[in-house]
Each structure stands twice: as structure tokens, then as C-alpha cells.
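Below is one structure, written out as C-alpha cells, with a few remarks after it.
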Amino acid sequence: MTQILYSKPIVDSELGELKDAIKTLKNAPKLKVILIGNNPSSKIYVKRKKEFCESIGAICEIIQKNDDFQPLELESLLCNINKDDEINGCLVQLPLPPQFDGFNFQELISPLKDVDGFHKDNIFSIYKKSSGDFLLPCTPLGIIKLLQHYNINVSGKNITIIGRSLIVGKPLSMMLTNLDATVTLCHSRTRDLANFTKAADIIISAVGSPNFLTCDYFKDDKSQVLIDVGISSLKQNKITGDIDFNGVKNQVASITPVPGGVGPMTILSLAKNLVKSAYIQENLKKA
Ligand code: NAP
């Protein structure tokens with residue numbers, strides 16, 4: 001039988017640990033989320049992040065700005081957040097309006113408060129395989145946690161990732177390489193994508209195209225593991241992934257559902273990063 005890789009048992013089991021960790025801190029961790037514009041999906045994601053943070057006893061404040069908010073205004077806001085000792089974590093919800101194209105806000109958030117793990121110091125820690133007080137990108141962290149929970153060992157495995165974004169594909173490829181996987185990173189210019197998906201033990205798709213990967217992309221020997229990162233909005237507030245779940249599920253060993261797979265793991269990782277950032281900052285104050 002195909003194993004469905006639900007995130008719920010993982011999230012449920014981590015909730016208690018996060019609540020206990022927060023109780024040992026002097027103050028509840030505080031997160032600021034900056035939401036610019038009126039993207040309906042962004043509003044839903046931000047609401048979920050806030051609800052999850054509050055469910056573990058952290059504080060999450062959403063700063064809503066209009067579509068015409070300017071890069072220099074964001075810079076000044078982030079500067080104030082960096083200086084505020086009571087704020088442990090900060091993120092800017094993506095996507096941003098066009099005036100932010102090419103604006104590198106990631107470097108303006110202190111790496112110690114960078115709960116999304118996008119700051120170059122945090123990213124570079126992956127390349128150097130440094131351990132310690134770094135905050136790593138949430139979706140890759142969540143995917144690795146999900147694989148570990150279901151005892152899917154990546155060492156020595158061939159893993160094909162589709163999508164080379166800065167938030168998913170690129171950092172994930174390096175994090176899995178650090179775990180001794182052999183990683184192939186595919187993108188829109190990859191020729192004969194099916195050759196790479198069929199050759200892999202684990203396939204991770206982060207494209208954002210609904211039902212893009214059909215049964216023709218996979219072996220039919222029930223050996224492969226499929227991780228679907230994609231989220232595409234359908235009518236009636238429904239979402240779907242990159243993989244034709246019903247069409248392929250009987251030919252693979254394991255598959256993540258959408259919703260209920262990678263998405264909640266990303267929010268869990270965000271909450272863990274927030275708690276970690278609060279610990280780092282508390283220890284720095286003591287030192
Ligand atoms: P993105 O920046 O939108 O990039 C998409 C990637 O897909 C690009 O690298 C692109 O290649 C590649 N691509 C597009 N068409 C392709 C094709 N026909 N064949 C192969 N590759 C193709 O990516 P993202 O921000 O990582 O988001 C991807 C999806 O994941 C979206 O649906 C997003 O909503 C979702 N997401 C989900 C979570 C979660 O927690 N579940 C988190 C983050 C993102 P090029 O580089 O050549 O353009």
C-alpha cells in the first residue's frame with residue numbers, strides 16, 4: 001500500500017516540545033510579520049502563521065502595509081525592528097509588489113531575527129555545513145524533518161528536485177547534499193525532465209503548476225518517494241499541488257498530500273526558528 005506522508009502527526013508531536021521550550025524562556029518569543037499589499041493567498045498564509053505561533057504560546061504581530069509601500073519605507077521599518085530588543089523574529093511575506101523587484105530586503109533583517117532563513121549569513125552556513133546558531137530556510141527544513149519522521153533515509157539516494165528558487169530548490173539541494181544524497185536540480189530549461197524523475201529514488205517538486213507531474217514521469221514499481229511542495233489555488237478556496245496525486249499514488253511507495261503535506265511543515269519550521277532565535281538572543285544578552 002502506498003504510504004501517504006501526512007504532516008499532522010509530526011506537527012502534533014512537536015507542539016508539546018515547542019510549548020515546553022517557550023516556558024523555559026524569560027519572555028514569550030515575539031514575531032513581526034510584514035504583509036505588503038492585498039494578495040489573498042498571502043493573507044491566508046500570514047493568518048496561519050499567526051495562529052500557529054499563538055497556539056504554542058508565542059506572540060505574532062502582523063504589520064499590514066498598502067500596495068504602494070516603498071522599499072525605503074521597508075528599510076526603515078526593518079531597521080527599527082532590528083533595534084527592538086523585544087522582537088525576536090521578523091519576516092516579510094512573499095510575493096512583494098513590483099516596486100520591490102531587485103530590492104534585497106533579505107540582507108536588511110538581522111540574521112539573528114531572520115526566521116525565514118534567507119539572510120546570506122544563514123544561507124552561507126549551509127554551503128559551509130556549519131552547525132550552530134544559524135536559522136535555515138523553513139520549507140527545506142520541513143521537508144527534511146518529514147523525511148526523517150517517516151524513516152526515509154536520504155544518504156546515498158538519488159534525489160531529483162524540480163524548481164531552483166532561492167526559498168526551496170537551491171537551499172534544499174545543498175542541505176540534502178550535506179546529508180549525503182546525490183542531488184539533481186531541474187528547472188524550466190531542463191531537457192527530458194522525465195529521464196531525471198524516473199531515475200530518482202526521491203522526487204521533490206516545487207514548480208507551482210497544478211497537476212504538472214503525471215504518471216508518465218514516474219516508475220511504476222512502487223519504489224519512489226514523491227514530495228509535493230507546489231501550491232496552486234483552485235476555485236472555492238481549494239488548493240492543489242504539482243503532482244497528479246490520484247493519478248500517480250498507486251504506482252509509488254510514498255507521496256505527500258496537498259494540502260496536509262509540506263505546507264504545515266513549513267509553518268512548523270518557522271515556529272521552531274522563532275523559538276531558536278529567542279534562545280540565541282537570550283543567551284547573547286546573558287553573555
Ligand atoms: P518559483 O520561484 O515560482 O520557481 C518555480 C521553479 O519552477 C523555477 O525554478 C522554474 O524554473 C521551475 N519551473 C517552471 N516551469 C517548469 C517546467 N515546465 N519544468 C521544470 N521546472 C519548471 O518557485 P517557489 O517560490 O519555490 O514556489 C514553487 C511552488 O511551491 C509554488 O506553488 C509555491 O506556492 C509553492 N511553495 C510552497 C511552500 C510550502 O510550504 N508548501 C513553500 C514555498 C513555496 P526556472 O528557474 O528556469 O524559471
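The values are calculated or read from the model by the stated rules, or taken from the named source; none is laboratory data. Note that the structure is predicted; figures quoted are calculated from it, not measured. Quick reminder, even Gly has a Cβ in these numbers, built from the backbone with ideal geometry, and neighbours come from all protein chains shown. Just so you know, the surface numbers come from the protein's heavy atoms only, side chains and all, with ligands and any DNA or RNA stripped out. Shrake-Rupley method; radii C 1.70, N 1.55, O 1.52, S 1.80 Å.
Output the residue which, of all residues in region 111-137 that are closer than 21 Å to His187 by Cβ and part of a helix (DSSP H, G or I), is farthest from the ligand (Cβ to nearest atom).
Of everything passing the filter in region 111-137, Tyr127 is farthest from the ligand (Cβ to nearest atom).
Determine which member of the set Gly142, Gly102, Gly117 is farther than 16 Å from Leu31 by Cβ, open to solvent by less than 40 Å² (accessible area, probe 1.4 Å) and either of a type in the set (A, V, I, L, M) or at pLDDT 95 or above (or both).
Testing whether each residue is farther than 16 Å from Leu31 by Cβ, open to solvent by less than 40 Å² (accessible area, probe 1.4 Å) and either of a type in the set (A, V, I, L, M) or at pLDDT 95 or above (or both) leaves just Gly142.
Can you name the number of the only condition in (1) in a helix (DSSP H, G or I); (2) open to solvent by 40 Å² or more (accessible area, probe 1.4 Å) that Leu270 fails?
Failing condition for Leu270: (2).
Within region 251-262, does at least one residue satisfy the condition of being surrounded by fewer than 22 Cβ atoms within 10 Å (Cβ to Cβ), hydrophobic (A, V, I, L, M, F, W, C) and in contact with a Lys or Arg (Cβ under 7 Å, 6 or more places away or on another chain)?
Within region 251-262, one or more residues are surrounded by fewer than 22 Cβ atoms within 10 Å (Cβ to Cβ), hydrophobic (A, V, I, L, M, F, W, C) and in contact with a Lys or Arg (Cβ under 7 Å, 6 or more places away or on another chain).
Would you please list the contacts, defined by Cβ atoms under 9 Å and residues six or more apart or on different chains, that run from a residue in region 243-268 that is touching a residue at least 40 places away in the same chain (Cβ under 8 Å) to a residue that is buried (at least 18 other Cβ atoms within 10 Å of the Cβ) and among the acidic types (Asp, Glu)?
Cβ pairs passing all conditions: Ile255/Asp228; Thr256/Asp228; Pro257/Asp228; Gly261/Asp228; Val262/Asp228; Leu268/Glu14.
Collect the residues in region 183-208 that are over 21 Å from Ala253 (Cβ atoms) and either of a type in the set (Asp, Glu) or outside the structural domain of Val252 (by TED's automatic domain parsing) (or both), keeping them in residue-number order.
Asp192 - this is the single residue of region 183-208 that is over 21 Å from Ala253 (Cβ atoms) and either of a type in the set (Asp, Glu) or outside the structural domain of Val252 (by TED's automatic domain parsing) (or both).
If you check Lys222, Lys198, which single one turns out to be open to solvent by 40 Å² or more (accessible area, probe 1.4 Å), touching a Lys or Arg at 6+ places or on another chain (Cβ under 6 Å) and not aromatic (Phe, Trp, Tyr)? Full working, then the answer.
Values: Lys222 fails: touching a Lys or Arg at 6+ places or on another chain (Cβ under 6 Å).
Selected residue: Lys198, the only one of Lys222, Lys198 that is open to solvent by 40 Å² or more (accessible area, probe 1.4 Å), touching a Lys or Arg at 6+ places or on another chain (Cβ under 6 Å) and not aromatic (Phe, Trp, Tyr).
Restricting attention to region 164-188, and to residues there that are without any contact (Cβ under 8 Å) to a residue 24 or more places away in the chain and either more than 9 Å from the ligand (Cβ to nearest atom) or touching a strand residue (DSSP E or B) at 6+ places or on another chain (Cβ under 8 Å) (or both), which single residue is least open to solvent (accessible area, probe 1.4 Å)?
Only one residue fits best here, namely Ser173.
Which is outside any strand (DSSP E or B) and under 17 Å from the mean Cα position of the chain (by Cα), of Ile44, Ile87, Ile81?
The conditions single out Ile44.
Which condition from (1) buried (at least 19 other Cβ atoms within 10 Å of the Cβ); (2) closer than 20 Å to Gly117 by Cα is the one that Thr160 breaks?
All conditions are met except number (2).
Ile34 - would you say it is out of contact with any strand residue (DSSP E or B) (no Cβ under 7 Å at 6 or more places or on another chain) and modelled with pLDDT of 95 or more?
Against the criterion (out of contact with any strand residue (DSSP E or B) (no Cβ under 7 Å at 6 or more places or on another chain) and modelled with pLDDT of 95 or more), Ile34 does not qualify.
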